[in-house]
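So the structure is just underneath, and the comments pick up after that.
The values are calculated or read from the model by the stated rules, or taken from the named source; none is laboratory data. Quick caveat, the model's predicted, so the values are computed rather than measured. Here the Cβ positions follow ideal geometry from the backbone for every residue, glycine too, while neighbour counts run over all protein chains shown. Side chains included, ligands, DNA and RNA excluded: accessible areas come from the protein's heavy atoms. Shrake-Rupley method; radii C 1.70, N 1.55, O 1.52, S 1.80 Å.
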Amino acid sequence: MTRLACAGRVRGSTLDVPEDEWVPEARRLQREGWWFEGLWATAGERPSVRACWGRPGELLLATSACPEGTFRSFTSFLPAADWFERAARDRSGLAPVGHVDPRAFLFHDTYPPGHVEGAPLDGDARAQRSSYAFVQHQGAGVFEIPVGPIHAGVIEPGHFRFTTTGELVLDLELRLNYTHKGTLTLVRGRRLDHAARLLERLSGDNAAAHALAFSSAAEAALGLDVPNDAQDVRTAMLEAERVYNHLGDLAGIATDVAFSAGASHFAALREACMRWNARLFGHRLLMNTVVPGGLLQAPSVEAWSEYATALDALTPRVESAVRLVTEHSGLRERVEGTGVLPRASAELLGCVGPAARACGIARDARADAPCLAYDRIRVTPSLRSGGDVASRMAVKVDELRASLGILRSIARDAPIVGPAAAVVESGEGEGIAAVEASRGAVLAWTRVADGRVVDAYQRDPSFLNWRGLQQAVHRNIVPDFPLINKSFNLSYSGSDA
Amino acid sequence: MGDPLTERMRRGSYVEDDPRGGTALTWSPVVEDPSAYREGVCPTPALTRDALDLGACIFCKACGRAGVVAWRAGVPVPGERRVPLVVGARAADLPALRTRLAKLEGVFGRSLAVRHLDVGSCNGCDVEVNAATSPVTDLERFGIRFVASPRHADVLLVTGVVTRNLAEALVRTVEATPEPRAVVALGACAITGGIFVGSPHVLGGAHALVPVDVVVPGCPPPPESILAGLLEAASLLEARRRG
């Protein structure tokens, strides 16, 4: 076992696993209390598969060579691995042996059957070359409702296949990856600062989290130290991102139960916060600012001081909007007991973020894998046990308050940081980081050399939580789906990568 | 318990007359020192030795730090593009905008119906489209409303780089929108492919598959630019009708 370069105060280790030990080793790690963080594969001269595991304060990266072009699948005993293995197969061509689902994942019907990343693509980009078989349910009164990829609102594209009896949802099958842009391949060979620009666009609404996760991983790989003041500013960005996203989610839930009076207040608060993002960090969605090694711009003393005053004024507005929404009997009737994600399912599927904490799973990367300023700013995961829409709302309200508290304290300290020095151009290494975004942890792994990305993997929390949404919809009625969906509010682009 | 009416009275109206909200910046980038240009300065295809194409630019200002382009506050000069380059509404334009919108009724017999269509965005543009409908920017006050089906739409507001997996959806959605219609490409990705150019899984901007009438640069464009783009599309439809 050798050391794994982890961002922040996290103990990292690597494990070289012989090919035939891949599954027994995973089962052993599970028994020892490690949770599954993700899996990806690299093709090339020495094809290999990697699985990342976590425990409080620790990350472990297991690697196995795949000389035969295959690896043993975890999915039968670890359902969380399902999509990871299918995505790894499509990206690398390495086949997960024993995986029950051979269907194409990233590449839809205009790609040739069995297409693998890097294989030549030519001809008409609209001609159908393959087809996709949805799961079929049969029986009296069973029917299907296909929805999407183009949805009726201002939302990202994806296909939902509901199987219902009357109003009751028996099953929901998701077909995603419509927005697959090949970002994780496109980033190879890019300069580190340009890579941050590209990877933050994995999911625009979590741009800060993605840029910070990648930058922290690259800094760990190169052994770069970032001063505390810069880490404080970065932490403020991450918390500001959580605030505007949670405000948007609360507005969305109110909208989806037709309580527009409640939604308006949250939407206005969200706009106010996005303008502060622009004022403090130069961008409404916090893009274009974080680079490996530091920040390209940071707030002035005056900006911090005005922000501290503004936060004092925002807080009572947030509180009265929260009261308006959470105490509304009509809204409570819709959200309580709706869309329950059972804790056991959430654990099996590796769910993260507010969705996991709403069913009592005490995981939060800010506490479990503290980087940025979270070794100094302690965060206690906010927990609920119901697993329903109301619990997810309650967790987000708690986190909104906590994040505003962190922002107030950073704004009062007013850390002053100069722009990052020249672009990093030397050194090489491999690093990993976990950063808690508004939806859960972004996991970033990267290998860098001479100021460029050699290889990278970045897991958006949505990639795990979509499976949780599928479970939460069971036995609910179709008209409650938008509400349940909004309570998860997952990223398509982040998941489709 | 909170009461919606009391809260409404306490907060008053959120709507702002100035669609910029006084905070958004408009940039007027100008290539100032082509000799400082080096391959790889720009993370997108926007910058060439002597020109910056705002239709591909993500406004990261890497070219500014490299000394090639001067980023000054101001209204950008539209570049040589096939379609109008719309950069943002100014407060001073508002009375004129209102008059133009009043004319929409004569064009369509009703308000302007917009269908949002994400063909592969990172969701950043979608965040800003939602922000444009917030009670602060409040597009609906201008008679612009978002509809659930392309069959109800006058304008298609396209966000994102066209992915191979959504090419068919883009073409069919445009075909499902009745004439007269206008297609607005919102953001660098929908205009040219932006930062995703070079991936084999994207086909580029929306114009690769459908005719585009108006482009709105930005990554993502802020709400005031979205408003300006939609108004431009409305004027275009009006002009076509007079044709």
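Would segment B:56-74 turn up any residue that is at pLDDT below 70, outside any strand (DSSP E or B) and within 27 Å of B:L236 (Cβ to Cβ)? There is at least one residue in segment B:56-74 that is at pLDDT below 70, outside any strand (DSSP E or B) and within 27 Å of B:L236 (Cβ to Cβ).
Tallying residues that are within 14 Å of chain B (Cβ to nearest Cβ) and either without any contact (Cβ under 8 Å) to a residue 24 or more places away in the chain or of a type outside the set (A, V, I, L, M, F, W, C) (or both) within segment A:104-118 yields 8. Can you find even one residue in segment A:342-365 that is more than 22 Å from A:L78 (Cα to Cα) and either touching a helix residue (DSSP H, G or I) at 6+ places or on another chain (Cβ under 7 Å) or of a type in the set (K, R) (or both)? No; the residues of segment A:342-365 include none that is more than 22 Å from A:L78 (Cα to Cα) and either touching a helix residue (DSSP H, G or I) at 6+ places or on another chain (Cβ under 7 Å) or of a type in the set (K, R) (or both). The residues of segment A:166-176 that are touching a His at 6+ places or on another chain (Cβ under 7 Å) and either charged (D, E, K, R) or closer than 18 Å to B:E168 by Cβ (or both), listed by number, are A:D171, A:R175. Going by the conditions given, is A:R242 basic (K, R), within 11 Å of chain B (Cβ to nearest Cβ), open to solvent by less than 10 Å² (accessible area, probe 1.4 Å) and under 16 Å from the mean Cα position of the chain (by Cα)? No; evaluated as a whole, the condition is false for this residue. Checking the stated criteria, B:T23 turns out to be over 26 Å from B:T192 (Cα atoms) and either open to solvent by 20 Å² or more (accessible area, probe 1.4 Å) or at pLDDT below 85 (or both).
For residues that are surrounded by 18 or more Cβ atoms within 10 Å (Cβ to Cβ) and in contact with a Pro (Cβ under 8 Å, 6 or more places away or on another chain), tally how many sit in segment A:1-38. Qualifying residue count for the region: 2. Among the residues here, A:A303 does not qualify as in contact with a helix residue (DSSP H, G or I) (Cβ under 9 Å, 6 or more places away or on another chain) and under 30 Å from A:F84 (Cα atoms). Just give me the residues in segment B:186-240 being assigned to a strand (DSSP E or B), more than 13 Å from the chain's Cα centre (by Cα) and either without any contact (Cβ under 8 Å) to a residue 40 or more places away in the chain or buried (at least 24 other Cβ atoms within 10 Å of the Cβ) (or both), in sequence order. Within segment B:186-240, just B:V202 meets the criteria.
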